[in-house]
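The values are calculated or read from the model by the stated rules, or taken from the named source; none is laboratory data. Everything numeric here is computed off the predicted structure, so don't read it as measured data. Here the Cβ positions follow ideal geometry from the backbone for every residue, glycine too, while neighbour counts run over all protein chains shown. Side chains are part of the model used for accessible areas, which takes the heavy atoms of the whole protein and leaves out ligands, DNA and RNA. Shrake-Rupley method; radii C 1.70, N 1.55, O 1.52, S 1.80 Å.
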Amino acid sequence: MNWIDIGALEDIPAQGARVIKTAKGCVAVFRTAGDEVFALDDRCPHRGGPLSEGIVHGAQVTCPLHNWVFDLATGQAQGADEGQVATYPVRVQGGRIMLDAARLQRRSAA
Amino acid sequence: MMGERLVVIGAGMASGRVLEHLVEAAPDAFDITLFNAEPRGNYNRIMLSPVLSGEKAYAEIVTHDADWYARHGIATRFGEHVTRIDRARRVVATSRGETPYDRLLIATGSAPFIIPVPGRELRGVVTYRDLDDTEAMIAAAKPGAKAVVIGGGLLGLEAAAGLALRGMEVTVIHLMGHLMERQLDPAAGYLLQKALEARGIRIHCKGATKAILGHDRAEAVLLEDGTTYGADLVVMAVGIRPETRLATDAGLDVGRGITVSDAMVTSDPAILAVGECVEHERQLFGLVAPLYDQAKVAAATLLGQEAAFRPVQTATKLKVTGCDLFSAGDFAEGEGREDIAFRDPARGIYKRLVIKDDRLIGAVMYGDTADGTWFFGLIKDATDIAPMRDTLIFGPAHQGGATPDPMAAVAALPPEAEICGCNGVCKGRIVEAVQGGAVTLDSVRAQTKASSSCGTCTGLVEKVMAVTLGDAFAAPAKQTMCKCTDLGHEDVRRLIKARALKSIPAVMQELGWKTPGGCHSCRPALNYYLLADWPLEYRDDRQSRFVNERNHANIQKDGTYSVVPRMWGGVTTPAELRAIADAADKYGVPMVKVTGGQRIDLLGVKKEDLPAMWADLNAAGMVSGHAYSKGLRTVKTCVGSEFCRFGTQDSTGLGIRLEKLLWGSWTPHKVKLGVSGCPRNCAEATVKDVGIVCVDSGYQISVAGAAGMEVKETEFLAATPSEDEACEITAAFIQLYREQAKYLDRPYKWVAKVGLDWVKAQVVEDRANRAALFARFEISQSVYRKDPWAEHAKPEERRLWSAMADLSLEAAE
Ligand SMILES: Cc1cc2nc3c(=O)[nH]c(=O)nc-3n(C[C@H](O)[C@H](O)[C@H](O)COP(=O)(O)OP(=O)(O)OC[C@H]3O[C@@H](n4cnc5c(N)ncnc54)[C@H](O)[C@@H]3O)c2cc1C
Ligand code: SF4
Ligand code: FES
């Protein structure tokens with residue numbers, strides 16, 4: 001594991017998301033109403049919609065382009081839609097958000 | 001052909017049903033005249049409580065409208081009180097003259113009982129019987145004002161709950177030891193009292209009213225024990241007595257009610273009576289189920305058929321949202337009677353069954369009433385319950401080894417089980433209707449009447465439909481907002497206002513949302529309703545907005561955005577054009593396009609460039625064009641009298657003025673306007689949401705056009721010689737739309753639902769109302785008539801528009 005501090009929890013609006021840039025595209029970091037934090041690829045498996053711009057409800061996000069709904073914890077599409085988004089380990093420590101860069105690297109190596 | 005002359009006194013729930021049977025069975029048999037003391041036709045009286053609480057509108061509970069009476073050739077004399085029946089001459093008299101009859105039907109219902117205490121005639125003292133009473137209560141229901149309800153029976157408690165929902169401080173005075181003592185035993189009465197107290201309603205049992213105090217209007221209620229409760233409103237709901245005065249004066253046999261035979265005929269063979277005003281075998285009736293049976297019999301008798309009324313058992317439910325109680329049969333303790341009780345104090349559940357001679361004779365339930373129908377069936381059919389006695393209290397799901405699936409209880413019901421108590425509709429009848437093609441709740445309702453009266457059995461009816469149809473059962477016909485709630489948009493809008501709910505969490509909590517944070521479909525709707533209803537108190541929730549409104553730009557399929565600066569009335573200047581061109585160059589805009597609404601669209605802008613680009617456009621004097629919003633989009637104009645040789649008025653000037661008045665406002669869906677300088681209509685105003693066509697004499701305003709998936713010409717709303725008035729009418733129309741329409745209904749859809757006549761009455765004819773709408777629009781605009789670009793282009797905001805961290809180098813290591 002290789003935890004990197006990517007910013008403060010306060011930088012993300014509750015029920016919202018911000019993105020971080022990586023060499024292989026953006027990762028969306030979500031913050032729920034209950035201050036849980038999740039990180040997923042910012043790319044909808046349907047037609048590439050930016051999930052970071054979706055409406056966050058509970059621990060789910062709705063893609064802004066065609067309303068597919070994803071579970072933030074698993075990245076799994078909900079309901080009748082099929083697809084999955086890669087997720088990354090994140091945690092909050094003392095108000096700072098830490099992301100596991102090891103996983104990002106593995107992804108870029110793949 | 002002239003039929004026999006049938007005169008009906010009273011347009012209530014019982015006579016309404018008689019008329020339905022008559023016009024269905026023999027449309028031409030009678031020449032019908034219908035008198036009603038209330039200045040309106042028949043409505044579903046038992047649904048007055050939801051109207052009182054704000055959960056329903058009056059229009060939703062009307063059962064027979066003017067059109068229905070006209071279609072069936074029934075002469076209506078509403079607002080006319082029948083004062084005398086002359087049996088010898090066979091005429092009835094009102095203050096406006098006499099009307100002859102061959103057959104007469106008395107259906108005068110009951111009158112509320114007024115306890116003879118001093119002060120009962122003061123202003124502010126009302127009863128609870130009809131729409132006028134309900135409206136009087138709503139008018140008095142100012143949040144924080146005090147109400148005292150005298151009477152803790154069904155009616156009194158429904159009134160108390162409704163007034164409490166409207167923000168009043170409510171006290172219920174009840175003479176007996178526990179609430180609803182005729183329907184509930186003390187244990188259930190206690191649970192009900194707790195539940196009502198938890199809603200802030202004060203309950204005073206064993207309280208006898210001594211006097212109502214006050215000078216020219218009610219101020220307080222004094223009890224025998226010396227307690228006084230302050231009261232701006234006093235509701236007397238202590239009981240009813242059959243309205244028999246006409247019959248007594250006419251010399252008919254009258255006991256407590258008008259005496260009728262099994263065929264519903266009074267002591268005069270030409271005269272029938274139905275409803276709460278009758279007495280049959282010494283029994284009176286106060287619930288609709290037996291009245292509907294009477295109505296069926298009376299209709300048959302009038303048509304010369306044999307029929308006999310046999311009273312059935314009735315069951316009671318209280319229509320207070322969240323207080324689930326059910327009672328049926330006889331549950332007094334007594335010789336040879338045995339009790340089975342079940343209590344779950346933690347969940348507030350209480351059930352009690354009363355058994356005599358291996359038959360269930362009474363059932364009282366509080367908290368969980370799902371099995372009520374099944375128990376009621378056992379009581380009515382006098383089923384031998386000995387074999388299932390041990391598990392009886394757990395309901396049908398536990399009989400015969402069935403699984404505890406919520407559907408199983410319904411699936412297990414026999415065809416004769418009654419589902420709708422009010423209308424006596426059994427499961428078999430519903431199944432038959434569904435198999436015959438009635439697959440929506442509305443069609444089942446239309447064909448069987450199931451759930452069409454008090455509505456508490458709607459869930460059961462839907463379950464029967466689901467069991468019958470299996471997977472083919474579509475969502476309930478009443479469109480719910482989304483899967484997070486069982487309420488429809490209209491219900492939610494009304495409840496937000498009636499219960500003064502001012503935040504999304506408050507709405508979700510109070511209205512029982514089923515999901516923790518809503519979903520992408522309800523959250524934007526709730527955010528809109530709240531900001532439209534509470535413009536000064538509610539703070540717009542960006543996170544509940546669709547991406548376009550959150551980012552004040554339209555997202556494109558590749559994740560870039562389009563930027564459209566506002567051009568008032570479609571007019572621009574060389575300086576603005578230069579600034580737009582510079583911005584397009586500076587930010588590498590791949591496409592610059594002119595839109596259908598006379599604006600310039602800069603497509604393909606990256607999100608992180610938005611604030612800087614807005615700042616540049618702001619610096620050149622331009623603001624957001626809101627091309628992304630469910631709000632005022634554009635006012636399209638032609639050049640009008642300033643340049644065109646046909647122009648009659650300054651259409652461009654009016655368009656600019658309207659756009660400056662309306663911009664920034666949020667609406668249920670987008671709103672586009674057009675102003676043309678003459679009927680040649682170069683601005684295509686007559687396919688807009690609001691279109692104004694200038695003529696020599698002034699301005700013609702038409703509304704509810706569409707030019708999208710559907711194309712529809714606008715409909716005429718008003719004409720005015722004055723530009724000021726044209727602006728006021730336009731803004732009032734938009735405010736009415738903002739206050740009333742369902743989220744995502746364009747104006748044309750909304751107008752089709754409410755009717756253009758109603759809209760005209762609100763914004764054109766009723767000038768005071770128009771002014772009030774306009775004033776409310778201005779209040780809202782004091783908050784929302786501002787440029788969102790300027791706000792987000794502020795330096796401290798800008799960083800929020802780009803990535804929070806850049807790890808591209810890290811990951812590439
Ligand atoms: C708030 C409320 C809630 C209720 N809830 C339930 C419930 O949940 N379940 C249930 O089963 N029942 C309920 N009831 C009772 C039910 O509404 C009545 O049993 C039913 O309306 C009686 O029908 P009716 O036709 O006999 O009389 P009504 O419906 O009262 O109609 C009588 C009509 O006759 C008119 N009239 C009277 N005298 C004259 C005259 N001289 N000339 C002309 N017109 C005249 C009156 O104005 C009235 O419109 C409720 C009642 C109220 C008020
Ligand atoms: S609508 Fe009439 S006034 Fe306007 S440009 Fe066309 S012809 Fe001229
Ligand atoms: S791109 Fe996400 S739903 Fe279509």
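Of the residues that make up the range A:8-26, is at least one out of contact with any Phe, Trp or Tyr (no Cβ under 9 Å at 6 or more places or on another chain), part of a loop (DSSP other than H, G, I, E, B), over 22 Å from residue B:504 (Cα atoms) and away from ligand 1 (no atom under 16 Å from the Cβ)?
Within the range A:8-26, one or more residues are out of contact with any Phe, Trp or Tyr (no Cβ under 9 Å at 6 or more places or on another chain), part of a loop (DSSP other than H, G, I, E, B), over 22 Å from residue B:504 (Cα atoms) and away from ligand 1 (no atom under 16 Å from the Cβ).
Looking at the range A:64-85, can you tell me whether even one residue there is open to solvent by less than 40 Å² (accessible area, probe 1.4 Å), under 23 Å from residue A:7 (Cα atoms), at the interface with chain B (Cβ under 10 Å from one of its Cβ atoms) and away from ligand 2 (no atom under 16 Å from the Cβ)?
Taking every residue of the range A:64-85 in turn, none turns out to be open to solvent by less than 40 Å² (accessible area, probe 1.4 Å), under 23 Å from residue A:7 (Cα atoms), at the interface with chain B (Cβ under 10 Å from one of its Cβ atoms) and away from ligand 2 (no atom under 16 Å from the Cβ).
Which pairs have Cβ atoms under 6 Å, sit 6 or more apart or on different chains, and link a residue in the range B:503-522 that is within 9 Å of chain A (Cβ to nearest Cβ) and on the phi < 0 side of the Ramachandran plot to one that is open to solvent by 30 Å² or more (accessible area, probe 1.4 Å) and among the hydrophobic types (A, V, I, L, M, F, W, C)?
Partner pairs satisfying both residue conditions: B:517/A:33.
Mind listing whichever residues of the range B:534-567 are within 13 Å of chain A (Cβ to nearest Cβ) and not in a loop (DSSP other than H, G, I, E, B)?
The answer is B:542, B:543, B:544, B:547, B:548, B:549, B:550, B:551, B:554, B:555, B:561.
Among the residues of the range B:620-646 satisfying the criterion of being under 20 Å from residue B:725 (Cα atoms), in contact with a Ser or Thr (Cβ under 7 Å, 6 or more places away or on another chain) and within 16 Å of ligand 2 (Cβ to nearest atom), which is nearest to the other protein chains (Cβ to nearest Cβ)?
B:637
Can you find, within the range B:17-42, the residue that is surrounded by the most Cβ atoms within 10 Å (Cβ to Cβ) among those that are touching a His at 6+ places or on another chain (Cβ under 6 Å) and in contact (Cβ under 8 Å) with a residue 40 or more places away in the chain?
Step one: filter the range B:17-42 for residues touching a His at 6+ places or on another chain (Cβ under 6 Å), giving B:23, B:37, B:41-42.
Right, trim to in contact (Cβ under 8 Å) with a residue 40 or more places away in the chain and you get B:23, B:37.
Working: B:23: 20, B:37: 18.
Among residues in the range B:17-42 that are touching a His at 6+ places or on another chain (Cβ under 6 Å) and in contact (Cβ under 8 Å) with a residue 40 or more places away in the chain, the one surrounded by the most Cβ atoms within 10 Å (Cβ to Cβ) is B:23.
Quick one: would you say residue B:73 is within 36 Å of the chain's Cα centre (by Cα), away from ligand 1 (no atom under 14 Å from the Cβ) and either of a type outside the set (Asp, Glu) or within 14 Å of another protein chain (Cβ to nearest Cβ) (or both)?
Values: within 36 Å of the chain's Cα centre (by Cα): yes; away from ligand 1 (no atom under 14 Å from the Cβ): yes; either of a type outside the set (Asp, Glu) or within 14 Å of another protein chain (Cβ to nearest Cβ) (or both): yes.
Yes.
Return a yes/no flag: does the range A:29-49 have any residue that is within 11 Å of chain B (Cβ to nearest Cβ), within 22 Å of residue B:800 (Cβ to Cβ) and surrounded by fewer than 19 Cβ atoms within 10 Å (Cβ to Cβ).
yes
Does the range B:722-736 contain at least one residue that is within 18 Å of residue B:781 (Cα to Cα), in a strand (DSSP E or B) and of a type in the set (D, E, K, R)?
no
Given (1) free of Cβ contacts under 8 Å to residues at least 60 places away in the same chain; (2) out of contact with any strand residue (DSSP E or B) (no Cβ under 9 Å at 6 or more places or on another chain); (3) more than 14 Å from chain A (Cβ to nearest Cβ), identify the lone condition not met by residue B:759.
Evaluating residue B:759 over (1) free of Cβ contacts under 8 Å to residues at least 60 places away in the same chain; (2) out of contact with any strand residue (DSSP E or B) (no Cβ under 9 Å at 6 or more places or on another chain); (3) more than 14 Å from chain A (Cβ to nearest Cβ) leaves (2) as the failure.
Looking for something within 14 Å of chain A (Cβ to nearest Cβ), away from ligand 2 (no atom under 16 Å from the Cβ) and at pLDDT below 95 - is there at least one such residue anywhere in the range B:608-619? Talk me through it step by step, then tell me what you get.
Narrowing the range B:608-619 to residues within 14 Å of chain A (Cβ to nearest Cβ): B:608, B:610.
Narrowing further to those that are away from ligand 2 (no atom under 16 Å from the Cβ): B:608, B:610.
After this cut, where a residue has to be at pLDDT below 95 as well, the list is B:608.
There is at least one residue in the range B:608-619 that is within 14 Å of chain A (Cβ to nearest Cβ), away from ligand 2 (no atom under 16 Å from the Cβ) and at pLDDT below 95.
Please work out if residue A:96 is touching a Pro at 6+ places or on another chain (Cβ under 9 Å) and away from ligand 3 (no atom under 16 Å from the Cβ).
Working: touching a Pro at 6+ places or on another chain (Cβ under 9 Å): no; away from ligand 3 (no atom under 16 Å from the Cβ): yes.
Considered against the rule, which asks whether it is touching a Pro at 6+ places or on another chain (Cβ under 9 Å) and away from ligand 3 (no atom under 16 Å from the Cβ), residue A:96 comes out as no.
Here is a check on your reading of the model: is residue B:799 open to solvent by 60 Å² or more (accessible area, probe 1.4 Å), modelled with pLDDT under 90 and not small (Gly, Ala, Ser)?
yes
Can you run down the residue pairs with Cβ atoms below 7 Å, 6 or more apart or on separate chains, where the first is in the range B:664-690 and within 15 Å of residue B:597 (Cβ to Cβ) and the partner is open to solvent by less than 40 Å² (accessible area, probe 1.4 Å) and among the aromatic types (Phe, Trp, Tyr)?
Listed pairs, sorted by first residue: B:690/B:733.
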